[in-house]
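To keep things clear, I will list the structure first and then write my remarks on it.
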C-alpha cells in the first residue's frame, strides 16, 4: 500500500464527468485515506439512461479490484434505485461474492446514514422532475422508511451544478414545511453544490441533513475503522454516529 494511503484506499465510480463531488469527498476525508476515482459519462439523467448501466459499473469494478482497494463505492443513487431496493441488494451481493471486495452503493449508504441517525421518516429533495421521484420514494419505502415528500426541481440535468445554493435552501425549506416536517432532510444527488447549506438547514429546521457527500465520507471512515469528526458540515460528520 502506498504511504499516502496508510489508512486505507477506496475506489470511487462516479456516474458523470462533472467536477465537484470528487474534490469535495477528498477534501473531507481524513489524511491517509486514498481515493482512486473512475468515471462513467451519464449525460441525460433519465430512467432510460440509468437502467442499462450495471454492466458499465461492473467494468469499472473490474478495473479497481487489481489495485487492491479496501472498498469500492459505485456512486450515483438513481442508476441503482431505478432497479428497486431488493434488486440493488442482489446486484451488490453478487459483485461482492465475485470480486471479494466490500462494495456499497449510494442508496445503501444513505439508508445506513439514516439508521445511524435513528431516522424513521424524512423529507427528500432532488434535482429530478416527474415520475422518477416516486421511484426514489418507493425505494426508501421498501427499505422501511416513511417518505413524507420527494420534492424535485425542474432543471436541465447538465445545469444542476449551476443552481445557487441559496435557491436550493429555499426549495428544501419550502418542501419541509409543506410536508409538516420530519425526522430528517434527505438530499438526493451529488451534482448540486450544497455543502455550505447543510449546517444552516440543520440549525434553521432543527433536524439532521443526510447529504450524499457527507454520508459517503461518513461511511468510508466507518468501513476503514477511522474516527475523525469534521465540524461545519452537519451532525453526521461532526458526531460520526
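Run through the DSSP bridge list for the chain and note the antiparallel percent, rounded to the nearest 5. Kindly include the intermediate steps, with their values, before the conclusion.
Numbers: 0 of 24 bridges.
DSSP beta bridges in the chain are roughly 0 percent antiparallel.
Compute the distance in nm between two label points, each set 7 Å from the Cα along the Cα-to-Cβ direction, one at residue 90 and one at residue 47.
Going by the 7 Å Cα→Cβ label model, 1.9 nm.
Hey, can you rank 29-41, 121-133 by average C-beta count inside 10 Å, highest first?
Details: 29-41: 16.2, 121-133: 19.9.
Result, highest mean Cβ count within 10 Å first: 121-133, 29-41.
Quick check: the angle from helix 132-142's long axis to the longest principal axis of the chain, C-alpha only, nearest 10 degrees?
80 degrees
In deg cm²/dmol, rounded to 500, what helix-only [θ] at 222 nm does the chain give when every DSSP H run of at least 4 residues adds -39500 (n - 2.57) and the total is split over its residues? Before the final figure, lay out the partial values.
Working: 11 runs with 104 residues, N = 241.
Per the formula, -12500 deg cm²/dmol.
Rounded, prolate or oblate: pick one for segment 83-136, where a ≥ b ≥ c are the square roots of the eigenvalues of its C-alpha gyration tensor, a/c under 1.5 means rounded, and failing that, prolate if a/b is larger than b/c, else oblate.
Values: a/c = 2.78, a/b = 1.51, b/c = 1.85.
Because a/c hits 1.5 or more and a/b fails to exceed b/c, segment 83-136 counts as oblate.
Average the reciprocal distances over every distinct pair of alpha-carbons in segment 1-57, invert the result, and give the Kirkwood radius in Å. Don't skip to the end; give the middle numbers.
Details: mean 1/r = 0.0776 Å⁻¹.
One decimal place: 12.9 Å for the Kirkwood radius.
Under 1.5 on a/c is rounded, so check that first for segment 1-124, then, if it is not, pick prolate when a/b is larger than b/c and oblate when it is not; a ≥ b ≥ c are the square roots of the alpha carbon gyration tensor eigenvalues.
Values: a/c = 1.41, a/b = 1.23, b/c = 1.15.
Since a/c stays below 1.5, the shape of segment 1-124 is classed as rounded.
Which angle between 0 and 90 degrees, to the nearest 10, do you get for helix 85-99 versus the longest principal axis of the chain when only C-alpha atoms count?
With rounding to tens, the tilt is 10 degrees.
Rounded to the nearest 0.05, what FRET efficiency do residue 26 and residue 129 give with R0 = 35 Å and r taken as the Cβ-Cβ distance? Could you check? Don't skip to the end; give the middle numbers.
On the way: r = 31 Å, r/R0 = 0.87.
For residue 26 and residue 129, the calculated efficiency is 0.70.
Which whole-number percent gives the relative contact order of the chain, counting Cα pairs below 8 Å spaced six or more residues apart?
Details: 409 pairs, mean separation 45.6, N = 241.
Result for the chain is 19 percent.
Rounded to whole Å, give me the distance from the Cα center of segment 152-185 to that of segment 36-108.
26 Å
For a test of the definition: using alpha carbon positions, the gyration tensor, and the 1.5 limit on a/c, classify segment 134-238 as rounded, prolate or oblate. Don't jump to the answer; show the numbers that get you there.
On the way: a/c = 1.42, a/b = 1.26, b/c = 1.13.
It is rounded, given that a/c, with a ≥ b ≥ c, falls under 1.5.
May I ask you to work out the translational diffusion coefficient for segment 62-194 at 25 °C, viscosity 0.890 mPa s, via Stokes-Einstein with Rh from the Kirkwood sum over Cα pairs, reported in whole µm²/s?
Working: Rh = 15.9 Å.
Calculated translational D: 155 µm²/s.
Between 0 and 90 degrees, rounded to the nearest ten: what's the tilt of helix 54-64 against the longest Cα principal axis of the chain?
50 degrees
Coordinate-derived values only; no laboratory data. Fair warning: this is a prediction, and the values are worked out from it, not measured in the lab. Cβ sites come from the backbone with ideal geometry, for glycine too, and all protein chains shown count toward neighbours.
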